[in-house]
1. Net charge near Val24: determine it from the other residues with C-beta under 11 Å of the C-beta of Val24, scoring Lys and Arg +1 and Asp and Glu -1.
2. For the chain, what's the relative contact order in percent, using C-alpha pairs closer than 8 Å and at least 6 residues apart?
3. Please give the net charge around Thr200, taking every other residue with its beta carbon less than 10 angstrom from that of Thr200, where Lys and Arg add +1 and Asp and Glu add -1.
4. Cross-link partners among lysines for Lys262, C-alpha distance below 29 Å, same-chain residues fewer than 8 apart left out?
5. May I have the convex hull volume per residue, in Å³, for the Cα set of the stretch 58-310?
6. Can you work out ³J(HN,Hα) from phi for every residue in the stretch 277-293, in order, using Karplus 6.51 cos²θ - 1.76 cosθ + 1.60 and θ = phi - 60°, giving whole Hz and x for Gly and Pro?
7. With each run of n ≥ 4 DSSP H residues scored as -39500 (n - 2.57), what mean residue ellipticity at 222 nm is computed for the chain after dividing by its residue count and rounding to the nearest 500 deg cm²/dmol?
8. Determine ³J(HN,Hα), in whole Hz, for all residues of the stretch 69-85 in sequence, where each value follows from phi through the Karplus function 6.51 cos²θ - 1.76 cosθ + 1.60 and θ = phi - 60°; x replaces Gly and Pro.
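Only the coordinates and a few stated rules stand behind these numbers; no lab work does. Given the structure is predicted, the values throughout are model-derived calculations rather than measurements. Heads up, the Cβs are rebuilt from the backbone with ideal geometry, glycines too, and the neighbour counts pull from every protein chain shown.
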Amino acid sequence: MLNKELIMLMVVGLILVIFVMVGVAFFTLLERKVLGYIHLRKGPNKVGFVGILQPFSDAIKLFCKEHMNPLVSNYLLYYVCPVFSLFLSLILWMLMPYMSGLLTFNLGLFFFLVCTSMGVYTVMLAGWSSNSNYALLGGLRAVAQTISYEVSLALVLLSFIFLIGSYSLLDFFYFQMGIWFLFLCLPLCNIWFVSCLAETNRSPFDFAEGESELVSGFNVEYGSGGFALIFLSEYSSILFMSMLMCVIFFGSNLNSFTFYLKLIFIAFLYIWVRGTLPRYRYDKLMYLAWKSFLPLSLNFLFFYLGFKIFF
């Protein structure tokens, strides 16, 4: 019986990873299309019907290119970091709150915080091992940014841990059967979305990849397969954060088709923000984290703690 369960878990995990990868491919196509229309142009429309095969064409091109590594780089870390980054972003998907209880463990939120904290090391070591000043600066910026916004993410999650009295993502479904947490905790939803933008290094917080200052940031020395893996891990993280936001704020019935529509809408918001807002100044990013989000999320934490105690 145990062997059958393990095989079932492995098969479901493999199917999930394949679907996430396909989702990432078409999410990149959606992004290029939406940004194209924001710029009053068409976006990719040549490869296949209305450009639908463009992501696969890009993937083949990237993985077939010659891989060049800098002579003075730290060879092992330089190669391992993109692979480890993709592994971390994919293993997060094991948190999907299946109603069948396949991998829905009771300390899911802890697991999420641990994996996102580990993601900092891949960016930092990718920047350092390249032995390039631009890459190192991008890595340092990413570390400072991610650590700053992880504090507000953790405090927002603590508010919900007090509200529902559990670390399991599955319990968010039961507690939102009457009303979504979006209506009870709208300011926390805004903090969460902006923190997710900063956590995934997306515009207007893409300082780790600031082309105007850092050429391309921490991934400046990566090309071909290494760049493709970093790219995949970033977009996989965006889709995962969209899924987590759906689970926490918009009800989390995975058996409902509307859940996936909400997920696509939140992922679309990432693209919309990228096409609309200019890049922040770096000091303002830090002020936003430590002087705005930290006190606000702390106040809400104490409010919901008192709310839970008295009601």
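1. Numbers: positive: none; negative: Glu31, Glu234.
Around Val24, the surrounding residues sum to -2.
2. On the way: 393 pairs, mean separation 73.3, N = 311.
After rounding, I find 24 percent.
3. Working: positive: Arg202; negative: Glu199, Asp206, Glu234.
Counting the neighbours of Thr200, the net charge comes to -2.
4. Within the straight-line limit of under 29 Å, Lys262 reaches these lysines: Lys33, Lys42, Lys308.
5. Working: hull volume 32.9 nm³, N = 253.
Measuring per residue, one finds 130 Å³ for the Cα hull of the stretch 58-310.
6. 9, x, 5, 5, 7, 5, 5, 5, 4, 5, 4, 4, 5, 8, 9, 10, 5
7. On the way: 13 runs with 216 residues, N = 311.
Rounded to the nearest 500, the figure is -23000 deg cm²/dmol.
8. 10, x, 4, 9, 6, 7, 3, 5, 5, 4, 7, 6, 4, x, 5, 5, 4
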